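The values are calculated or read from the model by the stated rules, or taken from the named source; none is laboratory data. This one's a predicted model, so the numbers in the text were calculated from it and none came from an experiment. Virtual Cβ from ideal backbone geometry, glycine too; neighbours counted across all protein chains shown.
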């Protein structure tokens, strides 16, 4: 165990102490099941992840279960642990990870994959599931990236596919029963996994195998274990209203990415944008009642003292009673100086109405995602956007004191031409000069431009990402046109990071060796531009004789077996194909 005195020597040591306000601690020696919840990135990112907070609180609400957190340490602590031959620890009790029954990894972003291996190595736990005997904890994964878990198949004992709140409780019940049957010792892994193969939403990679065609495409995905289902159904929370939500909201003593309390008011999205994978993961659409939201907001506020409440969801402006909700929150918290922010907004008349509550709405700025300035491309990607309503919202916001606007766009979309790039520039100009002409004052605009990535289980899963040289050319063109505008800040996402994200999201289980090779060559913190090194990854995939362009750039066909086809998401492959062909008509 590492003492606090030693931890105080490192950068931002407060992140390692595990003594934040509202942290949940149990007597480690008296609980029956010990679960380490691991996030393969640093504390400031992990503690901003809502899924981690929900599972942490949910597991700790079970009397005989303890759940403790583990994050990827900063480089200085990593170096110390390796140099001194010490192991990574859980945040709450500073326990060795081998003291836990289960290690559960949050899989929220493909560029965090090498962070998984870093945590395992720091814990002195073998990377590959075949090398982990009965003396090691069970290693499981859940989260957004499980929509295609195959690139990580060699590392994990199992994956929970989809929303985990219900299935994790069933998982714990089965584990508890088998542990009792095994005289209070960890159940044998093989026996436990065989019990889990019948549990909806659980995927066990070792129970399946894949054969390949000569051209590298998948020939067949098949079960190697009797009764293992050939389709794994994604789990989705049936009753969001009565589901667990953490009221003991942990308050870090150091700055994190989203340093506020977040209240998820809805799950899912009513729209069908053809590029959006989040809609699939959180399908179907569900809402929390206003009464439940108010009760949770009071509880969390009283236990934290936070001054900002973010209303969370894929598209909170589509909450059916958003105006009434904000009115009630305004009435409840106006005198306590709580301010509201929104995780996502669309151009809706309701947004214009709620901005009128200027005394409670955060006025730092508003964020929208038009995705493109072109009506033609909006039709292709099936993105609804009403420019008149949007301008009306911008004007209303400006009148109420909002002086900054953030806009998200994508380039490299199917059917994109030079005129579509110009439409982004024209769109941004039209907003600025709309305010400048009407009020003779400036409005600051931040523009973030990302590269389109075709993700699994979307209608665009069959298309390829645009080639890097073309993306680079488009970025240079837009920057050359916009750089003279002093009122504008423009940011382009690293196109090489986008390439790797695309590759890791679309690869099959042969990717595990690539990830391992890259890690051994020094890849880690790949989601951070200061650490990202494409050369390492290029060397890694050359060693396994895989051409990444085959997976990233190629147009797929309907008959092809896709690495993620065995996951049943609730929207059929045929339905996605029909939507894709409609996009081709619009092209």
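Some notes on this structure:
- Scanning the range 522-546 for residues that are in contact (Cβ under 8 Å) with a residue 24 or more places away in the chain and outside any helix (DSSP H, G or I) gives 523, 524, 525, 526, 527, 529, 532, 543, 544, 546.
- Looking only at residues of the range 184-217 that are under 25 Å from residue 511 (Cβ atoms) and assigned to a loop (DSSP other than H, G, I, E, B), we find that the one that is nearest to the chain's Cα centre (by Cα) is 201.
- Residues in the range 1-14 that are part of a helix (DSSP H, G or I) and within 20 Å of residue 42 (Cβ to Cβ): 4, 6, 7, 13, 14.
- When residues of the range 162-183 are limited to those that are outside any helix (DSSP H, G or I) and without any contact (Cβ under 8 Å) to a residue 12 or more places away in the chain, the one farthest from residue 105 (Cα to Cα): 183
- Subset of the range 63-73 that is touching a helix residue (DSSP H, G or I) at 6+ places or on another chain (Cβ under 8 Å) and assigned to a loop (DSSP other than H, G, I, E, B) - its residue that is nearest to residue 8 (Cα to Cα): 73
- Qualifying residues in the range 15-62 (those that are more than 15 Å from the chain's Cα centre (by Cα) and assigned to a strand (DSSP E or B)) - the one farthest from residue 161 (Cα to Cα): 21
- Residue under evaluation residue 453, criteria (1) modelled with pLDDT under 95; (2) within 30 Å of residue 217 (Cα to Cα), criterion not met: (1)
- Meets criteria (within 30 Å of residue 571 (Cα to Cα) and in a helix (DSSP H, G or I)) for residue 421: no
- Which numbered condition residue 85 fails, given (1) within 27 Å of the chain's Cα centre (by Cα); (2) surrounded by fewer than 18 Cβ atoms within 10 Å (Cβ to Cβ); (3) part of a loop (DSSP other than H, G, I, E, B): (1)
- Only one of the numbered conditions (1) in contact with a helix residue (DSSP H, G or I) (Cβ under 8 Å, 6 or more places away or on another chain); (2) closer than 23 Å to residue 380 by Cα is not met by residue 448, and that is (1).
- Looking across the range 384-394, the residues that are surrounded by 17 or more Cβ atoms within 10 Å (Cβ to Cβ) and part of a helix (DSSP H, G or I) come down to 390, 393, 394.
- The residue list 464, 415 contains one member that is more than 24 Å from residue 147 (Cβ to Cβ) and part of a loop (DSSP other than H, G, I, E, B), which is 415.
- Residues of the range 134-152 satisfying the condition of being over 25 Å from residue 276 (Cβ atoms) and at pLDDT 95 or above: 136, 137, 138, 139, 140
- Residue count for the range 396-437, restricted to those that are at pLDDT below 90, surrounded by fewer than 18 Cβ atoms within 10 Å (Cβ to Cβ) and over 30 Å from the mean Cα position of the chain (by Cα): 4.
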